[in-house]
Structure formats: structure tokens, C-alpha cells
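Below is one structure; the comments refer to it alone.
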Amino acid sequence: DTEVTQTPKHLVMGMTNKKSLKCEQHMGHRAMYWYKQKAKKPPELMFVYSYEKLSINESVPSRFSPECPNSSLLNLHLHALQPEDSALYLCASSQETGMGTEAFFGQGTRLTVV
Amino acid sequence: RKEVEQDPGPFNVPEGATVAFNCTYSNSASQSFFWYRQDCRKEPKLLMSVYSSGNEDGRFTAQLNRASQYISLLIRDSKLSDSATYLCVVNGGGFKTIFGAGTRLFVKA
């Protein structure tokens, strides 16, 4: 069982809707990530938060807005999405260690934009 | 050139076979290397980290060759349950983790 919990598991939204994806981890990890994965493609990094501060934004369109309320929570606010934004959105977390940053993933939110 | 390259496969092997996957990376400053496994419509799960000395976990062996910028994963005595996509993952420093496109494995009875 994953220790990174994402809600909802499935989401269908219209192009004018506003919705939020939520992610929670209680492993004490200080880095949290959002990835986007299209079918038969690898995960693509969107955002990285380190110690609750945004440290990486991979040129993601502003219709995706991340938020890190505290060290255990990560949100992704969605507004005015396009059908091509339909994908699996994965949250991950990792602990800063000297050996590298192995990440643990949540089960993802499968998003469909209609 | 892609930052992380893998043979996409698919690899179709019978149960009990030994299969090897390769992965190359372009950033010589990369510091950490991992193999993840992803089942259909599921999240990626860490299979093993890869160290310069090589490491083994049961039927799985991972190797890293920094000079050639090359990572490998060997699966011995394949099981039906090994069928999945295997993702090579490279960390180039900081929190920037790059995924390879993945190699699909089908193990047949």
C-alpha cells in the first residue's frame, strides 16, 4: 500500500470548471512533486516543492496552480483546462538524503477534461 | 539526444527466462539512479536503487557503469508477475528526476 494518498482517484471536469487535486504524505518527507503521465508515456515532472517552497516549475501553464499548505500536503488547483490535459496526475514525495532522492508515488488521479 | 534512453521493447519472454534491460543517460553529473516498475494503470513503484558497486535483490540485479553512462537491470527466472513496464530513473542533482520512456516486459506461461 502506498503511503502517499491522492484524492480523488478519478475526476471528470468541464473546461470552465475549477477543481483541486489533493496529496498527503506522513513519512516526514520534505520534498513533494506533481507529475503528469499520458498513456504509454513516462511521468513528466511538473512541480517540485522543497521544504514547502516551490523549487521547480517545469514551464507548466498557469491553468495548473500548485499549493503546499504544509509539509504533509500538496494541492494542484485546476482552472480552464483543455481536453489535452486529460492524463494521470501523480503526486510523489521524497526525503532528502545523501544517497539520492528516491521518490514514492501516490496512486494518482485520473483526470478527464470534457 | 534524450536525457535518459531505454529500449521500449516490448520484451516477450517465457517463464523462467533471464532478461536484461539497458538504459543510458546523457548528463555525466547525474548522481542517483533507480529502477521503477509500473503496472498498467497503476503508479510507479521503486524496484531498486542502483549503486556503482552493483546491487542484487533476489532475482533482480542492477549495475551502473559511470564511465559509459549506462545502467542495467537483470531479471532471472522470470515470473508471470514480472510483466510490467520498467522505468529507468536518473537524478541529475537536486530534485530533478528524469524518467526514461520505459521498457515493457511480457512474461508468458
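Put a plus charge on the Cβ of each Lys and Arg, a minus charge on the Cβ of each Asp and Glu, and nothing anywhere else: the dipole of the protein assembly as shown about its Cα centre is then about 520 debye. Spin-label model, B:Lys79/A:Ala39: points 7 Å from Cα along the beta carbon direction are separated by 3.0 nm. With springs only between Cα atoms under 10 Å, which of B:Cys88, B:Cys40, B:Cys23 fluctuates most in a Gaussian network model of chain B? The residue that fluctuates most here is B:Cys40.
Modelled label positions at A:Arg30 and B:Ser26, each set 7 Å beyond Cα in the direction of Cβ, lie 3.2 nm from each other. For chain A, the Cβ-based charge dipole about the Cα centre amounts to some 420 debye (Lys, Arg positive; Asp, Glu negative; other atoms uncharged). Evaluated with a Cβ-only charge set (Lys, Arg +1; Asp, Glu -1), chain B carries a dipole of roughly 200 debye about its Cα centre, given to the nearest 20.
Before anything else, pin down the relative contact order of the stretch A:1-76: Cα pairs under 8 Å, at least 6 apart, normalised by residue count, whole percent. Across the stretch A:1-76, relative contact order equals 28 percent.
Candidate cross-link partners of A:Lys18 among the lysines, defined by an alpha-carbon separation under 22 Å and a same-chain spacing of 8 or more, comprise A:Lys9, A:Lys36, A:Lys38. Cys residues of chain B that find no other Cys beta carbon under 4.7 Å: B:Cys40.
Bear in mind that the values in this text are calculations on the coordinates, not laboratory data. Source: prediction; values computed, not measured. Positions of Cβ are generated from backbone atoms using ideal geometry, with glycine treated the same way; all protein chains shown enter the neighbour counts.
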